[in-house]
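Q: Take a look at this one; I'll ask things after.
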């Protein structure tokens, strides 16, 4: 995922996953025969009038103690309070994530970063697979490395092969303390619902997450439905 001369922009939300990632990328510089730079970036979801919000300041302080430069961007899109009060939350998470992603891509392009590192782990990849299947009707998920914009930027997920507990344990060993999110929908998202469903299945089938992750790299297209046959059937109907 890393090559000599990379300029790596690491998205740091304040959660243990992203904090662990940026710290690992920093420590890895001392071990690999590569030279690359690592900078953090935080999308501030609650900026104040004259300065960054509380969460943003805490994240910046943690990275400053680690001697990692941190850029703070005020979120370009934030949900209105009345939407949350009326419980009209169907597309809020999607719009928020898309907006933050657009800001990250734009910043990386403007300041010539060729790698954007995200703290997603194995559980995130599995949950994304089910989210896309349940709500979008397709079989897809996040991948450990994805080339974007004709190769000008690569999205990398160095923690992709670790599960959530392994990442948390690593963060603990690195003496990292997460900054709690301020998102009012944190416990109400579709991702959380999918995670709860998988947790219930895992209590009955302990190896289920391991097997699902293995299945994502063991696809047998000949035993999946061919979309052209569906189109032909719909045309006849």
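Q: For region 145-167, which positions are closer than 16 Å to residue 17 by Cα, out of contact with any strand residue (DSSP E or B) (no Cβ under 7 Å at 6 or more places or on another chain) and not in a helix (DSSP H, G or I)?
A: Within region 145-167, 157, 159, 160, 161, 162, 163 qualify.
Q: For a quick check of your reading of the model, give me the residue pairs whose first member lies in region 21-32 and is closer than 21 Å to residue 165 by Cα, whose second is surrounded by fewer than 17 Cβ atoms within 10 Å (Cβ to Cβ), with beta-carbon atoms closer than 6 Å and at least 6 apart or on different chains.
A: If the second residue must be surrounded by fewer than 17 Cβ atoms within 10 Å (Cβ to Cβ), the pairs left are 23/174.
Q: Could I ask something else about it? In region 46-55, how many are surrounded by 14 or more Cβ atoms within 10 Å (Cβ to Cβ) and either in a loop (DSSP other than H, G, I, E, B) or touching a helix residue (DSSP H, G or I) at 6+ places or on another chain (Cβ under 6 Å) (or both)?
A: Matching residues across region 46-55 total 4.
Q: Take the residues of region 1-17 that are assigned to a loop (DSSP other than H, G, I, E, B) and touching a strand residue (DSSP E or B) at 6+ places or on another chain (Cβ under 8 Å): which is farthest from residue 69 (Cα to Cα)?
A: The residue in question is 1.
Q: Look at region 29-45 and say how many of its residues are within 17 Å of residue 178 (Cβ to Cβ) and in a loop (DSSP other than H, G, I, E, B).
A: 1
Read the figures in this text as sums done on the coordinates, not as results from a lab. Quantities reported herein were computed from a predicted structural model and do not represent experimental measurements. Ideal geometry is used to build each Cβ from the backbone, glycine not excepted, and the neighbour counts take in all protein chains shown.
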